[in-house]
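The values are calculated or read from the model by the stated rules, or taken from the named source; none is laboratory data. Note that the coordinates shown come from a computational prediction; the quantities given were computed from them, not determined experimentally. Counting neighbours? That spans all protein chains shown, and the Cβs are built from the backbone with ideal geometry, glycine included. Each accessible area value is taken on the protein alone, full model and side chains, heavy atoms only, with ligands, DNA and RNA left out. Shrake-Rupley method; radii C 1.70, N 1.55, O 1.52, S 1.80 Å.
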Amino acid sequence: MCNVVIKAAIAAALPLVMAACGGSNSGKQIAEGLVNSADSAVTAGNYALAIELLDTLQAKYPDQIEAQRKGMHIRPLSMEKMTMAEMQMTDSLQAYYAHLQDSLMSYFAFVNNPELVEGYYVIKEYEKSSLFNRTGVEGRVSPDGEFYMISSLTAKPVKHTAVTLKNRAGEVSTAEVAYDGDRNYRSGGTEMVTFIGAECDTLCSFLLDNPDSKTMLIFKGTSSYTTPLQVNDNRSIALAYQLSNAMQTSRKLSSRRELLDKQLLLARDQAARTAKD
């Protein structure tokens with residue numbers, strides 16, 4: 001959408017450049033007009049438009065050496081200011097998601113079971129409970145922020161491979177996870193399935209969009225079993241999904257901030273090298 005707006009702005013700017021040149025088709029005058037328009041765009045804070053105008057200059061008037069030289073200095077200045085603006089926005093988002101993560105983390109405990117490869121975050125209500133011994137679902141978050149959901153069925157064997165949530169707002173299901181003895185595990189009278197990522201994110205979004213609805217939990221396999229979704233099961237999924245999103249977004253923003261730091265240094269270096277004596 002942004003690119004469409006910028007291209008439309010360029011299409012509108014070119015006739016103005018032509019008019020400023022007195023209707024002349026002189027490549028030199030048009031090239032200078034593009035440089036002036038790019039400079040004005042920088043002053044107005046429209047850095048993306050300035051860069052697109054300079055791209056047009058570079059592509060259509062490569063033989064206009066003086067205009068190209070001026071453009072080579074304006075470009076890194078545009079990149080510098082555009083980068084600084086994005087850095088400010090990134091810093092604000094980092095602060096927001098850091099606060100959100102801290103707020104959500106107050107609902108969680110970290111479980112470090114020596115029998116597991118790695119520990120996980122789970123709501124405090126389930127810190128000492130055993131999902132293996134009950135029927136329900138539980139949202140968890142790995143140390144690096146990955147969300148996953150585990151279903152456990154002890155009430156009736158159905159060899160389930162998926163779960164469904166149903167209430168007055170509609171019905172959504174996880175993807176199917178075939179029995180493999182690992183993520184789909186059966187022992188004694190308990191069936192457990194681990195759903196990760198896209199296998200269950202639609203279900204999580206459904207819960208967040210419909211927090212007050214009475215929801216039924218349906219285990220689906222060779223047959224099915226239906227039971228009300230318990231309040232803490234609902235909370236564990238909704239809160240864990242939000243915590244995972246906050247942790248992953250914070251990590252992405254940190255990586256982006258590091259790239260912006262490098263981009264700013266590069267833009268300033270280029271601006272210094274192309275500045276007039």
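Kindly provide the set of residues from region 254-271 that are open to solvent by less than 20 Å² (accessible area, probe 1.4 Å) and under 21 Å from the mean Cα position of the chain (by Cα), ordered by number.
Selection gives 260 alone.
Among residues belonging to region 147-179 that are over 19 Å from residue 189 (Cα atoms) and among the basic types (Lys, Arg), point out the one that is nearest to the chain's Cα centre (by Cα).
Once the filter is applied, the top-ranked residue is 166.
For region 223-245, how many residues meet the condition of being closer than 14 Å to residue 107 by Cα and not β-branched (Val, Ile, Thr)? Even if it seems obvious, please write down each step before you answer.
Taking region 223-245 first, the residues closer than 14 Å to residue 107 by Cα are 232-244.
Now restrict to residues that are not β-branched (Val, Ile, Thr): 232-236, 238-244.
Total satisfying the criteria: 12.
Has region 158-176 got at least one residue that is in contact with a strand residue (DSSP E or B) (Cβ under 6 Å, 6 or more places away or on another chain), under 14 Å from residue 219 (Cβ atoms), in contact (Cβ under 8 Å) with a residue 12 or more places away in the chain and of a type in the set (Asp, Glu)?
Checked against the condition, which is being in contact with a strand residue (DSSP E or B) (Cβ under 6 Å, 6 or more places away or on another chain), under 14 Å from residue 219 (Cβ atoms), in contact (Cβ under 8 Å) with a residue 12 or more places away in the chain and of a type in the set (Asp, Glu), region 158-176 yields at least one hit.
When residues of region 38-80 are filtered for being over 31 Å from the mean Cα position of the chain (by Cα), of a type in the set (Gly, Ala, Ser) and buried (at least 18 other Cβ atoms within 10 Å of the Cβ), how many remain?
So the answer is 3.
Identify all residues within region 80-115 that are more than 30 Å from residue 233 (Cβ to Cβ) and touching a residue at least 60 places away in the same chain (Cβ under 8 Å); write none if there are none.
Hits for region 80-115 are 80, 83, 84, 86, 87, 90, 91, 93, 94.
Find all pairs meeting these conditions: Cβ atoms under 8 angstrom apart; at least six residues apart or on different chains; first residue within region 186-197 and in contact (Cβ under 8 Å) with a residue 12 or more places away in the chain; second residue in a strand (DSSP E or B) and of a type in the set (Val, Ile, Thr).
Hits for this filter: 192/150; 193/150; 193/163; 194/150; 195/150; 195/163.
Under 6 Å by Cβ, and 6 or more places apart or on different chains, what pairs join a residue from region 227-242 that is over 15 Å from residue 152 (Cβ atoms) with one that is assigned to a helix (DSSP H, G or I) and open to solvent by less than 30 Å² (accessible area, probe 1.4 Å)?
238/207; 241/204; 242/104
Being open to solvent by less than 50 Å² (accessible area, probe 1.4 Å) and hydroxyl-bearing (Ser, Thr, Tyr) is the filter; apply it to region 155-199 and report the residue that is nearest to residue 133 (Cα to Cα).
190
Could you tell me which of the residues 170, 181, 188 is under 22 Å from residue 210 (Cβ atoms) and at pLDDT below 95?
170
Of all the strands (runs of 3 or more DSSP E) wholly in region 171-277, which have at least 2 residues that are within 17 Å of residue 149 (Cβ to Cβ) and β-branched (Val, Ile, Thr)?
It comes to 190-196.
Only one residue in 51, 74, 10, 6 is in contact with a Leu (Cβ under 7 Å, 6 or more places away or on another chain) and modelled with pLDDT of 90 or more, so which one is that?
74
Just need a number here: residues in region 85-113 that are within 30 Å of residue 36 (Cα to Cα) and open to solvent by 80 Å² or more (accessible area, probe 1.4 Å).
Residues meeting the conditions: 2.
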